[in-house]
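Once you've had a glance at the structure underneath, I'll fire off some questions.
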Amino acid sequence: MTTLEVLAPMDGWCAPLEEVPDQVFAGRMLGDGLAIDPVVGLVVAPCAGEVVTVAAGGHAASIRTAGGIEVLVHVGIDTVQLGGRGFEVLVRQGQSVAAGDTLLRFDLDAIARAAKSLMTPIVVGLPDGLDLRRRRPPGPVRAGELLFEVAGRAAESPSRTGDSGGETSARILQVMLQHGLHARPAALLAQRIRAVAAQVSIEANGKRADARSVVSIMALGVRYRDSISVQATGTGALAAIEAVTAGLEEAVRAEESAAHAAAPPDEGAARAATAPERPAPGATRTGGDHLAIDGRLKGVVAVAGFAVGVAARIERPEIVVAELGAGPAHESRELERARSTVKARLIRVGEVGAAARREIVAAHVEFLDDPMLNTVAEELIIAGKSAGYAWRAATRKSMAALAALPDARLRERADDLLDVESHVLLALSGEARPMNLPIPERAILLADELLPSELVALDRRRLTAICLGGGGATSHVAILAAAMDVPMLVGLGASLRDIAEGAALIVDADRGVLEMTPAAAELQRAEARVAARLAERAAERAAAQSECRARDGTRVEVYANVGSVDDAVAAVRNGAEGCGLLRTEFLFIERDTAPSEAEQLEAYQAIADALGGRPLVLRLMDIGGDKPLRYLPLPYEENPALGLRGIRTALWRKDLLRTQLQAALRVEPAGIVRLLLPMITDVAELRTVRELVNELREEGGGRAPVELGAMVETPAAALGAARLLREADFLSIGSNDLTQYTLAMDRGHAELAPRVDALHPAVLQLIAATAAGGTEAGKLVAVCGGVAADPIAVPLLIGLGVRELSVVPAAVPGVKGLIRSLSIDVCATLAARCLTLESAAEVRALVAQVLSTSGESR
């Protein structure tokens, strides 16, 4: 048995952690304990042991006892921001202290004026098998008096936090995720760490998180370009650090891939719209501090669009749970059963639908397995609570912690926790969330908030628009709505509750306005506008089913970028002439073993079948240092973008390459597949792959020849296009990477991102050189990057000699229509002029001017 008495480190008023005005402490994310509101500026040791940490600012210190228990004393809230002002450290790290020895001294009055609160948490990170007993009740306390007791029998090997003995390793990393460590990257990190034995923690912003806990990682509030300290102890500590590093790099790559797959700006980009600061004439104040102006409510655009319909709501009855349980063993089994049921159901849901749905489902599965949530719930069950009560309490604490963060994107993830909470509570009662929620025809859904599972349960054919009183433009519901092409406004306030069911509404999600009381004439005009939009889309889509030619008859093919069967179906529906880029990474990532030949063949064949015999350009696995795999250990690289990636990794691991090629060569009908090699920089790489392809063709009984293409993603490839085309059958320009490598700018950098423009004259000159090489060799040059769908860029690309564009499926009809309005001669002249300009801004201005005056665009 272990017993440790933790004494008060200062004089003051004892209080429970729930009263600390910081959700990290109040939510027990750093451990359990009590808090003291001090009345003197002196901190003494709460127990005997070794001083293991002293904050640089002097506001906190922790002691590790001989039994390995760590006790943290954190003076005040947000005192890290004081930079040490008002604090004096009287001990050093590694020093042995006895209970009652002086640790810190601080200026009580100065800290009280400068800090958010003086409330001082005293917390213990409890190993499995230990808990807090004899807690001091609220009231006055003097230094040296008993605060609480840690007692129990510690587990021989921690079941959740990993092996903490032996090897140690640490690394400082910079987070280059545009939106920080939100749900998906946090889930990715936690998932990777669960595969290692070492104990891993992440520190940032003065907080520490168990790297196995998604919620704890998110609660760190890590934002773009923040630095984090990763510490690992135990067997495989270095491997654990590498896992975190690789996880961050994979998250960055996933974020970039999601951005590449997004629809072009004119096809539904979200734009922020804010209410006026002071009432306008005729304005009335509504709930939530929003303004209704002449029957119009201003909100924030989550998904642009325009819709007319009737107000509709869905029911979400409160799930009642009993507080007291039927015994810890029974309640623990019930919670495990419910979690397993929900996980299986979510996995089935994630197997269908677009990539956005799969990613969100994956994040929800991670919440189910989150060690912090389950630890808190288990503690409450042991204390006699029911499984439902414990799960709700655990999720609500974590939701409160997220809601207190300054980053809006992280705050919005609280809705995901609420969604997971309701799934588990329903499963505990033997029920499940309905797969189909009834709504009327032309429904404009009104709600304070909407959960992801509720949205996917709605009939898209009946859903016209979504209007939320709360919510956020970057929430997972907004991501799903964008994928469903449903106009959506958020942040409209409490006045939505006053709108009668069935009331006629107009949603202008282009301007961020909800018309709550439209007159008959306004409704008539709005209906005409909707009909015109639908007719225009239908005409565009119908025209897109035929081949694309410029005004002078020049053939320009428009293909689609694809990442799933659903994408392929959408591509055909929108008139794509084939798949110009199949990203095959989806088969290789988020798994513990490489996909087999049979598994790959099944996936490729399904997409080929959906394309109905149209060409399929299959890009070989683009993996490596910046897109690592769990089953492919790679050395740490300071700059993974310049290291082992693309074809370099494939040639390094020819076993993986061979398996992928065998699957690709078996796709029917023969000859439909063209192979595209990523990150090619010299001819030797092409020759090596071609030799392997020919070898496999012979082994397969003389399979049909297959075309081999090279991605042009670097200046070296662009300038050497003529040499590459001696071996390659075609080239495909990846404009996103080509722009980044040419300008030496990271498109994820907050300050530089606006300058990372593929229409920079230097990038255009490289595209021109590539296209010229194709013309000379009589071979096709395509563009498959984001610039291919940019209406300003399209005239320049075809003017430079590009004859194939590959875009997201939704953009195909618009791009085809634009090309049909263009003359190749005018585009060539315009492109030549742009090559002499100084900046991307000048290029864009000139193209816009020429097109508007020449009538070359619609």
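So which residues in the range 542-568 are open to solvent by 50 Å² or more (accessible area, probe 1.4 Å) and over 15 Å from L822 (Cβ atoms), if there are any at all?
A542, Q545, S546, E547, V565, D566
Next question, about the same structure. Looking at R85, R28, which is the one that is within 28 Å of M399 (Cβ to Cβ) and part of a loop (DSSP other than H, G, I, E, B)?
R28
List the number of the failed condition for F586; all other conditions in (1) surrounded by fewer than 19 Cβ atoms within 10 Å (Cβ to Cβ); (2) at pLDDT 85 or above; (3) in contact with a helix residue (DSSP H, G or I) (Cβ under 8 Å, 6 or more places away or on another chain); (4) under 23 Å from S732 (Cα atoms) hold.
So F586 meets the others, but not (2).
Any chance you could count how many residues in the range 596-630 are at pLDDT 90 or above and open to solvent by less than 10 Å² (accessible area, probe 1.4 Å)?
9
From the list R460, R511, which residue is assigned to a loop (DSSP other than H, G, I, E, B) and touching a helix residue (DSSP H, G or I) at 6+ places or on another chain (Cβ under 6 Å)?
Exactly one residue qualifies, and that residue is R460.
To continue, here is another question. Quick check: anything in the range 376-397 touching a Gly at 6+ places or on another chain (Cβ under 9 Å), at pLDDT below 85 and either under 29 Å from A304 (Cβ atoms) or not in a helix (DSSP H, G or I) (or both)?
For the range 376-397, residues touching a Gly at 6+ places or on another chain (Cβ under 9 Å), at pLDDT below 85 and either under 29 Å from A304 (Cβ atoms) or not in a helix (DSSP H, G or I) (or both): absent.
Would you mind stating whether V706 is closer than 15 Å to L675 by Cα and open to solvent by 10 Å² or more (accessible area, probe 1.4 Å)?
yes
Quick one: in the range 313-339, which of the residues that are in a loop (DSSP other than H, G, I, E, B) and open to solvent by less than 40 Å² (accessible area, probe 1.4 Å) is farthest from P438 (Cα to Cα)?
Applying the filter and picking the extreme gives G327.
Tell me, yes or no, whether the range 429-439 has at least one residue that is in a loop (DSSP other than H, G, I, E, B) and at pLDDT 85 or above.
Of all residues in the range 429-439, those in a loop (DSSP other than H, G, I, E, B) come to 429-436, 438-439.
In the following step, the residues that additionally are at pLDDT 85 or above were identified as 439.
Looking for residues that are in a loop (DSSP other than H, G, I, E, B) and at pLDDT 85 or above, one finds at least one in the range 429-439, hence yes.
Quick check: is even one residue across the range 589-607 touching a strand residue (DSSP E or B) at 6+ places or on another chain (Cβ under 6 Å) and in a loop (DSSP other than H, G, I, E, B)?
The answer is no; no qualifying residue exists.
Here is a further query. Could you list, in sequence order, all residues of the range 773-800 that are under 17 Å from I819 (Cα atoms), open to solvent by 20 Å² or more (accessible area, probe 1.4 Å) and assigned to a helix (DSSP H, G or I)?
The answer is G786, L800.
Inspect all residues belonging to the range 714-733 and state whether any of them is open to solvent by 60 Å² or more (accessible area, probe 1.4 Å), over 35 Å from the mean Cα position of the chain (by Cα) and more than 27 Å from A769 (Cα to Cα).
The answer is no; no qualifying residue exists.
Still on this structure: Run down L534, L523 and say which single residue is open to solvent by less than 60 Å² (accessible area, probe 1.4 Å) and of a type outside the set (F, W, Y).
Of the residues listed, the single one that is open to solvent by less than 60 Å² (accessible area, probe 1.4 Å) and of a type outside the set (F, W, Y) is L523.
With respect to E18, is the statement that it is surrounded by fewer than 21 Cβ atoms within 10 Å (Cβ to Cβ), under 33 Å from the mean Cα position of the chain (by Cα) and not in a loop (DSSP other than H, G, I, E, B) true?
Yes.
From the list A571, A528, pick out the single residue that is open to solvent by less than 10 Å² (accessible area, probe 1.4 Å) and either assigned to a helix (DSSP H, G or I) or modelled with pLDDT under 90 (or both).
Working: A528 fails: open to solvent by less than 10 Å² (accessible area, probe 1.4 Å).
Every option except A571 fails the conditions.
Just to be sure before I move on: is I202 modelled with pLDDT of 85 or more, open to solvent by less than 10 Å² (accessible area, probe 1.4 Å), touching a helix residue (DSSP H, G or I) at 6+ places or on another chain (Cβ under 9 Å) and not charged (D, E, K, R) in the structure I sent? So that I can check it myself, show each step before the final result.
Values: modelled with pLDDT of 85 or more: yes; open to solvent by less than 10 Å² (accessible area, probe 1.4 Å): yes; touching a helix residue (DSSP H, G or I) at 6+ places or on another chain (Cβ under 9 Å): yes; not charged (D, E, K, R): yes.
So I202 passes the test.
Sort through T770, T739, T681 and tell me the only one that's open to solvent by less than 30 Å² (accessible area, probe 1.4 Å), among the polar types (S, T, N, Q) and either closer than 13 Å to I647 by Cβ or at pLDDT 95 or above (or both).
T770
So, one more: Kindly list, by first and then second residue, each pair from a residue in the range 826-840 that is acidic (D, E) to a residue that is open to solvent by less than 50 Å² (accessible area, probe 1.4 Å), limited to pairs with Cβ atoms under 7 Å and residues at least 6 apart or on different chains.
If the second residue must be open to solvent by less than 50 Å² (accessible area, probe 1.4 Å), the pairs left are E838/P761.
Please indicate, with yes or no, whether at least one residue in the range 173-192 is at pLDDT 85 or above, open to solvent by 40 Å² or more (accessible area, probe 1.4 Å) and out of contact with any Lys or Arg (no Cβ under 6 Å at 6 or more places or on another chain).
Scanning the range 173-192 turns up no residue that is at pLDDT 85 or above, open to solvent by 40 Å² or more (accessible area, probe 1.4 Å) and out of contact with any Lys or Arg (no Cβ under 6 Å at 6 or more places or on another chain).
Output yes when any residue across the range 456-469 is at pLDDT below 75, surrounded by 17 or more Cβ atoms within 10 Å (Cβ to Cβ) and aliphatic (A, V, I, L, M), and no when none is.
no
The values are calculated or read from the model by the stated rules, or taken from the named source; none is laboratory data. This is a predicted model, so every value here is computed, not measured. Because the Cβ atoms are built from the backbone with ideal geometry, glycine has one as well, and the counts that use them run over all protein chains shown. SASA here: full protein model, heavy atoms, side chains in, ligands and nucleic acids out. Shrake-Rupley method; radii C 1.70, N 1.55, O 1.52, S 1.80 Å.
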